[in-house]
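As structure tokens, the structure follows; a few thoughts come after it.
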Amino acid sequence: MSQKIKITVVIENEKLNNTVDDLETKSVIVTHDSSLTVMSTLLQNNLIGGSFCGGRGDCGRCRIQFLQGADTPTAVERSVMEPEELRQGYRLACLAKPKRDCVIKLALLEAPKIDVVADMMDVTQMIDYNSQKNEKTKKHTSTVMEAFSGIEASVSEVEQKEYIETDVIIAVDLGTTTIAMQLMEMDTGRIIDTYCEMNPQRRYGADVLSRIQASCEGNREILQRLAVGVLERGVERFRNRDAVIKCMCIAGNTTMEHLFMGYDVSSLGRSPFTPVEIGLQEYRHPEWDFTVWLTPCISTFVGGDIVAGLYACGMLNERLERQSEEKEQRGDVGQRKLSFLVDLGTNGEMAITDGTRMIVTATAAGPAFEGGPGAGIVGSDMVACIAALLEQGILDETGLLAEPYFTEGVSIQNTDEMHYRFALGRSGDCLYLTQRDIRSLQMAKAAVRAGIEVLFNRLNKQRQDKPQQDKPQTGVQQTTQVYLAGGFGYYLDVEAAFRTGLLPEHMRGSVQAVGNTSLMGAYRIGSDLWRHRTDKQAIEQSLVSVESINLAVQENFERLYIQYMNFPV
């Protein structure tokens, strides 16, 4: 039976040393229901930004220290914190349920700063990043922003007071982690201004499943209002530039678009995972005098952000499809080109097409490609660090750290461009990597690599099963174009991706980082709709024949997943 207790939350805690007696500190006393977690009370009193893991405890970031009244730690808390930390009273706010009056101070781990890539590379210029270090962060700093828990807008590419005489469009990347908006010239695509925020829905969890649960628990309207509020602030900024906004186009995954529209998302979280609406949608805002479109989705797991990416990379281009069909009718299959799009984040979405058939899928990657739970290292740096550890023999092909690194962990110092120095245990402000972090990336890497192989094998099998009119199928030469989308691909050292086995060797010489294809696709879809170069029916029709597969039920996925868990020798 629950009871009401009092929690004293110390706000200024620099002078504290396991006691609050006779200290002049700022504190807040809140009433707490002992049947609930400390997190719930902190949220109700606006003392914390939210839960990064939806209350599971596996991110380990919502740390608090009990100065008085600590309970026995849970099994999860024991797994994410050191014994000495537990003895000092450290617990996780999302798990702690104190039964008596207590005193706590906030000891939240700062989430790694997130660079929001708003750049889109020109996909018509093939760039081979094989054996090269990625230097795009130096070349395109005007469209790369650091997003924090508060509002953080980029520096505009033009003077703030410039009068805009041309028609403009707002493109939106409605991400799970961040929301990025760009004001762009309708006809040229020139970026006039950029606005970005961390997605405030993160207070209900960093992943879509946490937000689905939060919506089903009565927070549907709040979640919608949080997302719409970001766009309202962006529109207000853009309107201060005297821009005449003609339309807005939003690209997000299926859950983010459902939450934005205020739909019931309960069916997205349980089998058979049926979305409410996946077609091209219009949103009506009471104070906006322009059209707002949301890009169509393919399935619950492959959303409008991937559709926008396919559109941006020309993988949904009708002319390309017609040319491929004509070649196939002539039996000229040797000239057919395979295109592959991969966008890695909390989920890894992938698509492959030969111009006539397209197969898409998604695989859960967890936090490994968006910053490890304890290391504070972004995923692209994790891949580069692990490649270096393999080269130096500190890590073996099974992913096992050599002793004493296995026990103490590894501190990592970036000495210069993509070169690292490793030290035993924690060292100052250096990045710190543990065996647990490596295992997390191994599992994500294995899932993505297995997904890549499943898509290639499935498409090749379909091509072999389909009879050709003039030429035999043997000896077909396939030219593959691989697009790495999103911030992960933008920063990725591609050679490190090959060294760790994240990308297969047959992709060498074909990999191109293309930046934020979600934003660029939103711009292109929106401008094409506004200029009547396409319409709702044509866009939706281009997706009808797309095959969306569930990796979990593919007969060879589990075998491939286990196979690719190890790193290449």
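Conditions tested, residue by residue: (1) open to solvent by 50 Å² or more (accessible area, probe 1.4 Å); (2) modelled with pLDDT under 90; (3) assigned to a loop (DSSP other than H, G, I, E, B).
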| residue | (1), (2), (3) |
| --- | --- |
| Met39 | no, yes, no |
| Ile48 | no, yes, yes |
| Arg56 | yes, yes, yes |
| Arg61 | no, yes, yes |
| Leu67 | no, no, no |
| Pro73 | no, no, yes |
| Cys94 | no, yes, yes |
| Arg100 | yes, no, yes |
| Val103 | no, no, no |
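Number of residues in segment 519-533 that are open to solvent by 10 Å² or more (accessible area, probe 1.4 Å) and of a type in the set (Gly, Ala, Ser) equals 0.
Scanning segment 553-569 for residues that are open to solvent by 80 Å² or more (accessible area, probe 1.4 Å) and either modelled with pLDDT of 90 or more or under 26 Å from the mean Cα position of the chain (by Cα) (or both) yields Val553, Glu558, Arg559, Ile562, Gln563. The residue pairs whose first member lies in segment 182-197 and is without any contact (Cβ under 8 Å) to a residue 40 or more places away in the chain, whose second member is open to solvent by 10 Å² or more (accessible area, probe 1.4 Å), and whose beta carbons are closer than 7 Å, counting only pairs six or more residues apart or on different chains, are Glu185/Thr166.
Across segment 464-513, the qualifying residues are those that are among the β-branched types (Val, Ile, Thr) and in contact with a strand residue (DSSP E or B) (Cβ under 8 Å, 6 or more places away or on another chain), and the one among them that is modelled with the lowest pLDDT is Thr479. Listed by first and then second residue, the pairs with beta-carbon distance under 8 Å, at least 6 apart or on different chains, first residue in segment 527-538 and farther than 18 Å from Ala171 by Cβ, second open to solvent by 80 Å² or more (accessible area, probe 1.4 Å), are Ala538/Glu318. Of the listed requirements (1) open to solvent by 20 Å² or more (accessible area, probe 1.4 Å); (2) of a type in the set (Phe, Trp, Tyr); (3) in contact with a helix residue (DSSP H, G or I) (Cβ under 6 Å, 6 or more places away or on another chain), Phe273 misses just one: (3).
Of everything in segment 204-221 that is out of contact with any helix residue (DSSP H, G or I) (no Cβ under 7 Å at 6 or more places or on another chain) and in contact (Cβ under 8 Å) with a residue 12 or more places away in the chain, the residue that is farthest from Pro275 (Cα to Cα) is Ala206.
Within segment 511-546, the residues that satisfy the criterion of being within 19 Å of Met186 (Cβ to Cβ) and assigned to a loop (DSSP other than H, G, I, E, B) are Asn516, Arg531, His532, Arg533, Thr534, Asp535.
Okay, residues lined up against (1) modelled with pLDDT of 95 or more; (2) hydrophobic (A, V, I, L, M, F, W, C):
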site	(1), (2)
Asp242	no, no
Phe260	yes, yes
Glu282	yes, no
Leu294	yes, yes
Gly309	no, no
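For beta carbons closer than 8 Å, sequence separation of 6+ or different chains, a first residue in segment 427-439 that is surrounded by fewer than 20 Cβ atoms within 10 Å (Cβ to Cβ) and a second that is assigned to a strand (DSSP E or B) and modelled with pLDDT of 85 or more, the qualifying pairs are Gln435/Leu401. State which residue is modelled with the highest pLDDT when the search covers only segment 158-183 and only residues that are open to solvent by 20 Å² or more (accessible area, probe 1.4 Å) and either touching a His at 6+ places or on another chain (Cβ under 8 Å) or not polar (S, T, N, Q) (or both). The extreme case among them is Asp173.
The values are calculated or read from the model by the stated rules, or taken from the named source; none is laboratory data. All values reported here derive from a predicted model rather than from experimental measurement. Cβ atoms come from the backbone with ideal geometry, glycine included; neighbour counts cover every protein chain shown. For accessibility, only protein heavy atoms count, side chains too; no ligands or nucleic acids. Shrake-Rupley method; radii C 1.70, N 1.55, O 1.52, S 1.80 Å.
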